[in-house]
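What follows draws every value from the coordinates through simple rules; no lab data is involved. Computed from a predicted structure; not experimentally measured. Every residue, glycine as well, gets a Cβ built from its backbone with ideal geometry; the counts of neighbours run over all protein chains shown.
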C-alpha cells in the first residue's frame with residue numbers, strides 16, 4: 001500500500017480501546033481522521049452510507065457482539081464497493097484458528113492489541129509512514 | 001422295588017419267596033390292568049411279567065409301558081411257562097422286554113438276571129440323573145452368562161455415559177477457565193495501559209504518586225502473569241498429537257528465550273546429551289522453560305547461576321533404574337546452584353499455588369512446577385526433585401522415548 005492514509009476506521013466494541021486507539025493515532029499523526037464503529041453491522045452501515053468518502057484503512061476487532069470481525073470481514077470482501085479497503089485485524093486474542101480464518105478471508109495482517117500505549121503509537125506510526133505489506137500467513141501464525 | 005405280574009397267585013408267592021431270600025423287595029399285580037395302575041402310582045426298578053394273562057396280556061402291558069416317558073426305562077423281564085416258541089420270545093423283545101425266560105426257572109439264574117437288570121437300571125438312572133444335572137447346570141450357566149452379558153453391557157453403557165459426561169465436564173471446565181482467564185486479562189490490560197499513561201503524562205514531579213503507581217503496575221503485572229499461567233495450566237488438558245521432538249532443540253529455544261536474563265545474571269549453562277523423544281513440543285518447551293526459569297529465578301543473591309541440563313537413557317520407569325544405552329526411558333536432570341529448598345517440602349512444590357518463597361524477594365506464581373508436573377504426567381513420565389537449602393536443586397524427569405499419549 002503506497003498511497004497516503006488519511007482516514008482510518010476502527011471497528012471495536014470496547015470503549016477503552018477506542019479511546020486509546022484514537023489518542024495513539026493522533027499521537028502518531030495528528031492529521032489522520034479517526035472514525036469508529038462498535039460492531040460489524042454498525043461498520044457496514046457506516047461504510048455503505050459514505051461510499052463517496054471511504055476510509056483508507058480499517059482496523060477490525062474480532063470478538064464483537066451482533067456481528068463479529070470475521071463475519072464483518074467476509075461481508076466487506078463480498079461488497080464490490082468495499083472489498084478494496086485494506087483490513088487489519090485488531091484483537092486481544094492470538095488464537096491461531098482466528099488468525100487462519102482472518103487471513104483466509106482477505107485480512108492483510110493480524111495485530112494483537114499491544115499491552116502498552118507507546119507500542120500502539122509506534123505500531124500506528126510505522127503503518128502510517130511505511131504502509132502495510134500483506135503478511136504471508138505462515139510467518140504471521 | 002420289583003413288581004411281579006402274574007394271574008396265578010401261587011406263582012407270585014413262589015417268586016416273592018425267591019426274591020425275599022436275596023433281600024429284594026417286591027410288589028405284585030394279578031393282571032395287566034392292575035399292573036398298569038400300580039406302575040402309575042409307584043416307582044419300580046424291574047417288572048417280572050407273565051406273558052399269558054386273561055384280559056391284557058404281558059406284551060400289551062410292555063408296549064404301553066414303552067410308550068410312556070415315565071415308564072419306558074423300567075426293564076421288563078418276561079417269564080412264561082406256556083409260550084416257549086421263538087415267535088413269542090421275539091415278540092417279547094419287540095414289545096420292549098429286556099429278557100424272556102421260560103419255565104422251569106433256575107432260581108439262582110433268575111436272581112442273577114434280576115440283579116443284573118436292577119444294576120443296569122440303577123446305572124441308567126444314575127446316568128440320567130447326571131445328564132439331567134448337567135443339562136440343568138448348562139441351563140444355569142447359560143442364564144448366568146446371559147445375565148452377565150447383560151450386566152456387562154449395562155455396565156459398559158454406564159461407563160461410556162459417565163465417560164462422556166466427564167469429558168463434557170472437563171471440556172466445559174477448560175472452556176470456562178479459558179474464558180475466565182481471557183476475560184480477566186482484558187480489564188487488567190486496560191488498568192496497566194491507563195495507569196502507565198497516567199504515570200508517563202501526569203506524575204512527572206510527584207515521587208510519592210509515582211511510587212504508588214509503580215506498585216499498582218507491578219501488582220497488575222503479577223496478576224497478569226498469574227492469569228497467563230492459569231491459562232497455560234488449563235490449556236494442558238486439551239489433546240494434542242505427540243511428535244518426534246529433539247530435546248536439544250527444545251533447550252536451545254528455551255535458552256534463547258532467557259537470553260536477556262542469562263546475560264543479566266551472568267549465568268553459566270551446560271546442556272549435555274539430550275535425547276529425541278516422542279512428545280508435544282510446545283508442552284516440553286513449557287516444561288523446561290519453567291524448570292530453567294526457576295533455576296535462573298531462584299539463584300543465590302550475588303552468585304552467578306550455574307545450571308546443568310543433562311540426560312541419560314535408562315531401562316525402567318524408575319528414578320533408581322540404571323543407565324542403559326538401549327533403555328526405553330530417558331532421565332533428564334536440571335541441576336542448579338540456587339537457593340534450594342528444604343526437601344520436606346518436596347510434596348508441596350508440585351502443587352498449584354504452593355509458592356515456598358518470600359514474595360518480595362522471589363517472584364513466582366506457584367503454578368510453574370504444577371504445570372511442569374502436569375506436562376510430565378501427560379507424557380506418562382515422572383518428576384521429582386533433590387534439593388538442599390543454600391546448595392541448590394536438581395529437578396529430575398523421567399520420560400518414555402515413545403508413547404501413546406492419552
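Observations, loosely collected:
- Among B:217, B:179, B:105: highest mean-square fluctuation, GNM of chain B, C-alpha pairs under 10 Å: B:105
- Mean projected area (nm²) of the alpha-carbon convex hull when the protein assembly as shown is viewed from all directions: 52.0 nm²
- Relative contact order computed over region B:218-294 (Cα-Cα under 8 Å; 6+ residues apart), in percent: 42 percent
- Share, in percent, of DSSP beta bridges within region B:2-105 that are antiparallel, nearest 5: 0 percent
- Shielding by partners, peptide B:22-32 (average Cβ within 10 angstrom, other chains): 0
- Helical runs assigned H by DSSP (4 residues or longer) give the protein assembly as shown a calculated mean residue ellipticity at 222 nm of -17000 deg cm²/dmol, each run adding -39500 (n - 2.57) before division by the residue total.
- Dividing the mean sequence gap of close Cα pairs (under 8 Å, 6+ apart) by how many residues chain B holds gives a relative contact order of 9 percent.
- Degrees, to the nearest 10: B:32-41 long Cα axis against longest axis of chain B: 30 degrees
- Where labels lie 7 Å past Cα in the beta-carbon direction, separation of residue B:69 and residue B:318 in nm: 6.5 nm
- Within a Gaussian network of chain A (alpha carbon springs, distance under 10 Å), most fluctuating of A:45, A:61, A:109: A:45
- Long-range Cα-Cα pairs in chain A (distance over 26 Å), rounded percent: 14 percent
- Relative contact order (%) - chain A, alpha-carbon pairs under 8 angstrom, separation at least six: 26 percent
- Scoring B:332-342, B:250-260, A:32-42 by mean Cβ neighbours within 10 Å over their residues and listing the highest first yields B:332-342, A:32-42, B:250-260.
- Evaluated at q = 0.11, 0.13, 0.18 Å⁻¹, the base-10 log of the normalised Debye intensity for region B:98-241, with identical point scatterers placed on the Cα atoms, takes the values -0.77, -0.86, -1.07.
- Per-residue shielding of B:183-191, expressed as the average number of other chain Cβ atoms within 10 Å of the residue Cβ, stands at 3.
- To the nearest ten degrees, helix B:368-378 and the longest principal axis of the Cα atoms of chain B are 30 degrees apart.
- Counting only Cα atoms, the size of region B:241-400 along its three principal axes is 44, 32, 29 Å, in decreasing order.
- Bridges between two residues of chain B, per DSSP, are antiparallel at a rate of about 55%.
- Listed residues B:53, B:223, B:247, most fluctuating in chain B (Gaussian network, C-alpha, under 10 Å): B:53
- A quarter of the convex hull surface defined by the alpha-carbon atoms of chain B gives 39.1 nm² as the mean projection.
- Folded to 0 to 90 degrees: helix B:281-297 orientation relative to chain B principal axis, Cα: 50 degrees
- A straight line joining the Cα centroids of region B:24-45 and region B:182-248 runs 105 Å.
- Antiparallel DSSP beta bridges within the protein assembly as shown, as percent of all bridges there, nearest 5: 40 percent
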